[in-house]
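Take a look at the structure set out below.
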Amino acid sequence: FDVEGPDAEGFLERVCANRVGRPVGTIVYTAMLTARGTIRCDLTVTREAADRFRVVTGGVSGQHDLAWLRAQVRDGERVAITERTGASFVLGLWGPRARDILAAVTDADVSNEAFPYTTARYLDVGEVRVWAQRISYVGELGWELYGELAMGRRAWDVLWEAGREHGLTAAGLGAFDTLRLEKGYRLWGQDIHTEYDPLEAGIGFAVRWSKDFQGKVALEAARERGPARRLVPMLLDDPAAVVLGKEPIRAGGEVVGYVTSAGYGYTIGRCVVYAYLPVGLAAEGATVEVDWFDRRYRATVASEPLVDPKGERLKG
(Lines give C-alpha, C1' and ligand atoms only; values in the text may rest on other atoms or scores of the structure.)
Protein backbone atom coordinates (compact mmCIF):
# COMPACT_ATOMS: atom_id res chain seq x y z
CA PHE A 1 0.00 0.00 0.00
CA ASP A 2 1.05 3.61 -0.54
CA VAL A 3 0.18 5.86 2.38
CA GLU A 4 0.66 9.45 1.31
CA GLY A 5 -0.38 13.01 1.98
CA PRO A 6 0.55 15.93 4.24
CA ASP A 7 -0.60 14.02 7.33
CA ALA A 8 0.82 10.60 6.35
CA GLU A 9 3.67 10.67 8.85
CA GLY A 10 1.48 11.74 11.76
CA PHE A 11 -1.14 9.16 10.86
CA LEU A 12 1.37 6.31 10.75
CA GLU A 13 3.08 7.43 13.95
CA ARG A 14 -0.29 7.20 15.69
CA VAL A 15 -1.16 3.70 14.46
CA CYS A 16 2.35 2.16 14.54
CA ALA A 17 4.04 1.10 17.76
CA ASN A 18 7.48 1.69 16.25
CA ARG A 19 8.77 5.05 15.03
CA VAL A 20 8.30 5.47 11.29
CA GLY A 21 9.33 9.14 11.00
CA ARG A 22 12.80 8.25 9.77
CA PRO A 23 14.91 9.43 6.81
CA VAL A 24 13.81 8.64 3.25
CA GLY A 25 14.81 5.10 2.31
CA THR A 26 14.53 3.67 5.84
CA ILE A 27 12.62 0.42 6.44
CA VAL A 28 10.88 -0.02 9.80
CA TYR A 29 9.42 -3.25 11.15
CA THR A 30 6.39 -2.50 13.31
CA ALA A 31 3.15 -3.75 14.78
CA MET A 32 -0.11 -1.83 14.70
CA LEU A 33 -2.08 -2.33 17.88
CA THR A 34 -5.67 -2.41 19.05
CA ALA A 35 -6.84 -0.11 21.84
CA ARG A 36 -6.22 -3.08 24.17
CA GLY A 37 -2.55 -3.12 23.18
CA THR A 38 -2.77 -6.36 21.21
CA ILE A 39 -1.41 -6.98 17.73
CA ARG A 40 -3.77 -6.04 14.90
CA CYS A 41 -1.20 -5.85 12.06
CA ASP A 42 2.42 -6.91 11.60
CA LEU A 43 4.30 -5.34 8.69
CA THR A 44 7.04 -3.06 7.41
CA VAL A 45 6.81 0.66 6.64
CA THR A 46 9.35 2.26 4.32
CA ARG A 47 9.67 5.99 3.78
CA GLU A 48 9.75 6.68 0.04
CA ALA A 49 9.46 10.48 0.23
CA ALA A 50 8.67 13.23 2.72
CA ASP A 51 4.93 12.61 2.34
CA ARG A 52 4.80 9.02 1.04
CA PHE A 53 5.32 5.65 2.75
CA ARG A 54 5.23 2.09 1.41
CA VAL A 55 3.49 -0.45 3.66
CA VAL A 56 4.23 -4.11 2.94
CA THR A 57 2.35 -6.94 4.63
CA GLY A 58 1.68 -10.64 4.07
CA GLY A 59 -0.49 -11.70 1.15
CA VAL A 60 -2.93 -13.65 3.30
CA SER A 61 -3.49 -10.72 5.68
CA GLY A 62 -3.34 -8.02 3.01
CA GLN A 63 -7.04 -7.20 2.72
CA HIS A 64 -7.46 -7.39 6.49
CA ASP A 65 -4.64 -4.92 7.04
CA LEU A 66 -5.81 -2.60 4.27
CA ALA A 67 -9.35 -2.42 5.66
CA TRP A 68 -8.12 -1.82 9.19
CA LEU A 69 -5.66 0.85 8.10
CA ARG A 70 -8.29 2.76 6.14
CA ALA A 71 -10.66 2.61 9.11
CA GLN A 72 -8.09 4.44 11.29
CA VAL A 73 -8.09 7.62 9.18
CA ARG A 74 -9.79 10.41 11.09
CA ASP A 75 -12.12 13.02 9.65
CA GLY A 76 -10.09 15.82 8.12
CA GLU A 77 -6.86 13.83 8.10
CA ARG A 78 -5.09 14.42 4.77
CA VAL A 79 -4.10 10.84 4.06
CA ALA A 80 -4.65 8.66 0.97
CA ILE A 81 -4.17 4.88 1.15
CA THR A 82 -3.79 3.11 -2.20
CA GLU A 83 -3.34 -0.61 -2.80
CA ARG A 84 -0.54 -1.31 -5.28
CA THR A 85 -0.50 -5.11 -5.18
CA GLY A 86 -2.23 -5.71 -8.49
CA ALA A 87 0.01 -3.27 -10.34
CA SER A 88 3.32 -4.60 -9.00
CA PHE A 89 5.56 -7.61 -9.12
CA VAL A 90 7.84 -8.52 -6.23
CA LEU A 91 10.76 -10.93 -6.28
CA GLY A 92 12.70 -11.96 -3.20
CA LEU A 93 16.40 -12.48 -3.86
CA TRP A 94 17.95 -13.98 -0.74
CA GLY A 95 20.93 -16.08 0.23
CA PRO A 96 24.70 -15.82 0.74
CA ARG A 97 25.27 -15.05 -2.98
CA ALA A 98 22.39 -12.59 -3.40
CA ARG A 99 24.76 -9.62 -3.59
CA ASP A 100 26.86 -11.29 -6.28
CA ILE A 101 23.78 -11.90 -8.42
CA LEU A 102 22.33 -8.42 -7.97
CA ALA A 103 25.69 -6.77 -8.63
CA ALA A 104 25.90 -8.64 -11.93
CA VAL A 105 22.68 -7.08 -13.28
CA THR A 106 22.85 -3.51 -12.00
CA ASP A 107 25.21 -0.54 -12.17
CA ALA A 108 24.22 0.47 -8.64
CA ASP A 109 26.60 -0.04 -5.74
CA VAL A 110 25.02 -2.82 -3.63
CA SER A 111 27.90 -3.19 -1.18
CA ASN A 112 27.07 -3.24 2.51
CA GLU A 113 28.53 0.24 2.94
CA ALA A 114 26.51 1.76 0.10
CA PHE A 115 23.32 -0.24 0.62
CA PRO A 116 23.02 -1.26 4.29
CA TYR A 117 20.42 -3.49 5.91
CA THR A 118 16.91 -1.97 6.38
CA THR A 119 17.35 0.63 3.66
CA ALA A 120 15.66 0.98 0.27
CA ARG A 121 16.21 2.77 -3.04
CA TYR A 122 15.54 2.60 -6.75
CA LEU A 123 17.95 0.75 -9.04
CA ASP A 124 17.88 -1.01 -12.42
CA VAL A 125 17.83 -4.79 -12.86
CA GLY A 126 18.94 -4.95 -16.46
CA GLU A 127 16.56 -2.49 -18.08
CA VAL A 128 13.87 -2.96 -15.39
CA ARG A 129 13.48 -0.18 -12.83
CA VAL A 130 12.86 -1.63 -9.36
CA TRP A 131 12.38 -0.38 -5.82
CA ALA A 132 14.83 -2.50 -3.83
CA GLN A 133 14.31 -3.04 -0.10
CA ARG A 134 17.18 -4.67 1.73
CA ILE A 135 15.22 -6.77 4.16
CA SER A 136 14.51 -10.46 4.49
CA TYR A 137 11.77 -12.64 5.98
CA VAL A 138 13.99 -15.72 5.60
CA GLY A 139 16.94 -14.51 7.66
CA GLU A 140 19.47 -14.29 4.83
CA LEU A 141 21.24 -11.51 2.97
CA GLY A 142 19.07 -10.14 0.19
CA TRP A 143 16.46 -7.82 -1.21
CA GLU A 144 12.77 -7.50 -1.99
CA LEU A 145 12.53 -6.14 -5.54
CA TYR A 146 9.36 -4.31 -6.62
CA GLY A 147 8.46 -3.04 -10.07
CA GLU A 148 5.74 -2.54 -12.67
CA LEU A 149 3.79 -5.77 -13.12
CA ALA A 150 4.30 -5.88 -16.90
CA MET A 151 8.09 -6.03 -16.37
CA GLY A 152 8.06 -8.83 -13.82
CA ARG A 153 8.85 -11.62 -16.27
CA ARG A 154 11.78 -9.68 -17.69
CA ALA A 155 13.20 -9.00 -14.22
CA TRP A 156 12.89 -12.73 -13.43
CA ASP A 157 14.71 -13.70 -16.64
CA VAL A 158 17.56 -11.24 -16.03
CA LEU A 159 18.08 -12.46 -12.46
CA TRP A 160 17.68 -16.12 -13.37
CA GLU A 161 20.32 -15.92 -16.10
CA ALA A 162 22.76 -14.08 -13.84
CA GLY A 163 22.11 -16.50 -10.99
CA ARG A 164 22.81 -19.71 -12.87
CA GLU A 165 26.53 -19.66 -12.13
CA HIS A 166 25.81 -18.90 -8.46
CA GLY A 167 23.41 -21.80 -7.85
CA LEU A 168 20.23 -19.73 -7.83
CA THR A 169 17.15 -21.77 -6.89
CA ALA A 170 13.46 -21.03 -7.42
CA ALA A 171 12.18 -21.69 -3.90
CA GLY A 172 8.56 -21.64 -2.76
CA LEU A 173 6.54 -20.98 0.37
CA GLY A 174 7.63 -24.23 2.03
CA ALA A 175 11.23 -23.02 2.13
CA PHE A 176 10.02 -19.53 3.04
CA ASP A 177 8.12 -20.84 6.07
CA THR A 178 10.79 -23.12 7.54
CA LEU A 179 13.53 -20.53 7.08
CA ARG A 180 11.51 -17.88 8.90
CA LEU A 181 10.87 -20.34 11.74
CA GLU A 182 14.59 -21.00 12.12
CA LYS A 183 15.09 -17.24 12.31
CA GLY A 184 12.22 -16.72 14.77
CA TYR A 185 10.14 -14.46 12.53
CA ARG A 186 6.48 -14.33 13.54
CA LEU A 187 3.52 -14.92 11.23
CA TRP A 188 0.38 -12.88 11.82
CA GLY A 189 -2.68 -15.09 12.18
CA GLN A 190 -0.63 -17.94 13.64
CA ASP A 191 2.07 -16.79 16.04
CA ILE A 192 0.69 -13.31 16.61
CA HIS A 193 -2.78 -11.78 16.43
CA THR A 194 -5.24 -9.83 18.57
CA GLU A 195 -5.06 -12.30 21.48
CA TYR A 196 -1.43 -11.37 22.14
CA ASP A 197 0.55 -8.21 22.82
CA PRO A 198 4.10 -7.44 21.64
CA LEU A 199 5.62 -8.28 25.02
CA GLU A 200 4.15 -11.79 25.07
CA ALA A 201 5.05 -12.24 21.42
CA GLY A 202 8.69 -11.27 21.87
CA ILE A 203 8.58 -8.22 19.60
CA GLY A 204 8.81 -5.59 22.31
CA PHE A 205 12.02 -4.38 20.60
CA ALA A 206 9.77 -2.85 17.91
CA VAL A 207 7.89 -0.66 20.42
CA ARG A 208 9.02 2.96 20.91
CA TRP A 209 7.82 3.85 24.39
CA SER A 210 8.97 7.46 24.05
CA LYS A 211 6.18 8.31 21.60
CA ASP A 212 2.39 8.12 21.67
CA PHE A 213 0.64 5.38 19.72
CA GLN A 214 -2.68 3.59 19.71
CA GLY A 215 -2.79 0.98 22.48
CA LYS A 216 0.09 2.48 24.46
CA VAL A 217 -1.82 2.91 27.72
CA ALA A 218 -2.97 -0.71 27.72
CA LEU A 219 0.48 -1.95 26.72
CA GLU A 220 2.13 0.04 29.49
CA ALA A 221 -0.24 -1.62 31.97
CA ALA A 222 0.69 -5.03 30.53
CA ARG A 223 4.37 -4.18 30.90
CA GLU A 224 3.80 -3.24 34.54
CA ARG A 225 2.06 -6.57 35.21
CA GLY A 226 4.58 -8.59 33.26
CA PRO A 227 3.57 -11.27 30.75
CA ALA A 228 2.06 -14.50 32.06
CA ARG A 229 3.11 -16.37 28.92
CA ARG A 230 5.73 -15.97 26.22
CA LEU A 231 6.14 -17.15 22.66
CA VAL A 232 9.18 -19.42 22.51
CA PRO A 233 10.80 -21.87 20.09
CA MET A 234 11.17 -25.55 20.88
CA LEU A 235 12.98 -28.35 19.11
CA LEU A 236 11.56 -31.86 18.98
CA ASP A 237 14.12 -34.15 20.59
CA ASP A 238 13.54 -36.85 17.95
CA PRO A 239 15.20 -35.60 14.72
CA ALA A 240 12.82 -37.76 12.66
CA ALA A 241 9.64 -36.35 14.23
CA VAL A 242 7.58 -33.61 12.56
CA VAL A 243 4.36 -31.85 13.63
CA LEU A 244 2.34 -29.35 11.60
CA GLY A 245 0.81 -26.84 14.04
CA LYS A 246 -2.14 -26.49 16.46
CA GLU A 247 -1.19 -29.60 18.44
CA PRO A 248 -1.67 -29.51 22.24
CA ILE A 249 1.41 -29.08 24.43
CA ARG A 250 1.59 -30.78 27.81
CA ALA A 251 3.70 -30.37 30.93
CA GLY A 252 3.20 -32.65 33.89
CA GLY A 253 0.34 -34.28 32.02
CA GLU A 254 -1.64 -31.03 31.76
CA VAL A 255 -2.25 -29.01 28.58
CA VAL A 256 -0.31 -25.73 28.89
CA GLY A 257 -0.57 -24.39 25.34
CA TYR A 258 -0.67 -25.31 21.68
CA VAL A 259 1.66 -25.17 18.70
CA THR A 260 1.25 -21.89 16.79
CA SER A 261 3.67 -22.74 13.95
CA ALA A 262 5.88 -25.70 13.16
CA GLY A 263 8.10 -26.94 10.37
CA TYR A 264 11.23 -28.94 9.75
CA GLY A 265 14.33 -26.79 9.97
CA TYR A 266 16.71 -28.07 7.33
CA THR A 267 19.58 -25.88 8.53
CA ILE A 268 19.52 -27.36 12.03
CA GLY A 269 18.09 -30.81 11.27
CA ARG A 270 15.17 -30.68 13.70
CA CYS A 271 11.48 -29.81 13.67
CA VAL A 272 11.00 -26.27 14.99
CA VAL A 273 7.91 -25.67 17.11
CA TYR A 274 6.64 -22.30 18.35
CA ALA A 275 4.13 -21.89 21.18
CA TYR A 276 3.06 -19.62 24.01
CA LEU A 277 4.10 -21.21 27.28
CA PRO A 278 3.60 -20.07 30.89
CA VAL A 279 6.62 -18.00 31.90
CA GLY A 280 7.75 -20.75 34.28
CA LEU A 281 8.19 -23.09 31.33
CA ALA A 282 9.37 -20.51 28.78
CA ALA A 283 13.04 -20.89 29.67
CA GLU A 284 15.82 -22.45 27.65
CA GLY A 285 16.20 -26.12 28.52
CA ALA A 286 12.66 -26.63 29.84
CA THR A 287 10.95 -29.72 28.45
CA VAL A 288 7.35 -30.34 27.38
CA GLU A 289 5.47 -32.87 25.28
CA VAL A 290 3.67 -32.26 21.99
CA ASP A 291 0.62 -34.41 21.24
CA TRP A 292 0.67 -35.96 17.77
CA PHE A 293 -2.40 -38.20 17.38
CA ASP A 294 -1.65 -41.17 19.65
CA ARG A 295 1.97 -40.14 20.27
CA ARG A 296 3.69 -37.59 22.44
CA TYR A 297 6.93 -36.07 21.27
CA ARG A 298 9.32 -34.59 23.80
CA ALA A 299 10.39 -31.01 22.99
CA THR A 300 13.00 -28.76 24.55
CA VAL A 301 12.74 -24.98 24.76
CA ALA A 302 15.57 -23.28 22.87
CA SER A 303 16.92 -19.75 22.65
CA GLU A 304 16.19 -17.67 19.58
CA PRO A 305 17.03 -17.10 16.88
CA LEU A 306 18.09 -20.67 16.20
CA VAL A 307 20.19 -19.67 13.18
CA ASP A 308 22.64 -16.76 12.92
CA PRO A 309 21.88 -15.24 16.35
CA LYS A 310 24.07 -12.18 15.71
CA GLY A 311 22.42 -11.39 12.38
CA GLU A 312 25.71 -11.56 10.49
CA ARG A 313 24.13 -13.10 7.40
CA LEU A 314 21.49 -10.39 7.22
CA LYS A 315 23.72 -7.43 7.90
CA GLY A 316 26.96 -8.42 6.20
Subject >> Search result, residues across segment 1-24 that are surrounded by fewer than 22 Cβ atoms within 10 Å (Cβ to Cβ) and part of a loop (DSSP other than H, G, I, E, B) >> reply: F1, G5, P6, D7, R19, G21, R22, P23, V24
**OP:** Using the structure shown, decide if V45 is in contact (Cβ under 8 Å) with a residue 24 or more places away in the chain and either touching a Cys at 6+ places or on another chain (Cβ under 7 Å) or of a type in the set (D, E) (or both).
**Re:** yes
Original post:
Restricting segment 194-206 to residues that are assigned to a loop (DSSP other than H, G, I, E, B) and out of contact with any Gly (no Cβ under 9 Å at 6 or more places or on another chain), which is surrounded by the fewest Cβ atoms within 10 Å (Cβ to Cβ)?
Top reply: E195
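Of all residues in segment 207-223, how many are part of a loop (DSSP other than H, G, I, E, B) and more than 24 Å from G189 (Cβ to Cβ)?
So the count comes out to 5.
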Subject >> Residue tally, condition open to solvent by 40 Å² or more (accessible area, probe 1.4 Å) and touching a strand residue (DSSP E or B) at 6+ places or on another chain (Cβ under 7 Å), over segment 155-193 >> reply: 5
Original post:
Conditions: (1) open to solvent by less than 20 Å² (accessible area, probe 1.4 Å); (2) without any contact (Cβ under 8 Å) to a residue 60 or more places away in the chain. R129 meets all but one. Number of the miss?
Top reply: (1)
Original post:
Taking T82, is it at pLDDT 95 or above, of a type in the set (S, T, Y) and open to solvent by less than 20 Å² (accessible area, probe 1.4 Å)?
Top reply: no
**OP:** Name every residue in segment 73-108 that is assigned to a strand (DSSP E or B), in contact with a Lys or Arg (Cβ under 9 Å, 6 or more places away or on another chain) and over 17 Å from G147 (Cβ atoms), in order of residue number.
**Re:** I81
**OP:** Of the numbered conditions (1) more than 30 Å from P96 (Cβ to Cβ); (2) modelled with pLDDT of 95 or more, I203 fails exactly one; give the number of that condition.
**Re:** (1)
Original post:
Within segment 93-102, is even one residue touching a His at 6+ places or on another chain (Cβ under 8 Å), open to solvent by less than 30 Å² (accessible area, probe 1.4 Å) and touching a residue at least 60 places away in the same chain (Cβ under 8 Å)?
Top reply: yes
**OP:** Confirm whether V28 is under 28 Å from A150 (Cβ atoms) and among the hydrophobic types (A, V, I, L, M, F, W, C).
**Re:** no
Original post:
From Y137, Y117, which residue is of a type in the set (S, T, Y), in contact (Cβ under 8 Å) with a residue 40 or more places away in the chain, surrounded by 16 or more Cβ atoms within 10 Å (Cβ to Cβ) and not in a helix (DSSP H, G or I)?
Top reply: Y137
**OP:** Identify, by number, the condition in (1) of a type outside the set (V, I, T); (2) touching a Phe, Trp or Tyr at 6+ places or on another chain (Cβ under 6 Å); (3) buried (at least 19 other Cβ atoms within 10 Å of the Cβ) that G152 doesn't meet.
**Re:** (3)
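The values are calculated or read from the model by the stated rules, or taken from the named source; none is laboratory data. Just so we're clear, the structure is a prediction, and the values are computed from it rather than from any experiment. Note that we place each Cβ from the backbone using ideal geometry, even for glycine, and neighbour counts take in every protein chain shown. All accessible areas refer to the heavy atoms of the entire protein, side chains included, with ligands and DNA or RNA removed. Shrake-Rupley method; radii C 1.70, N 1.55, O 1.52, S 1.80 Å.
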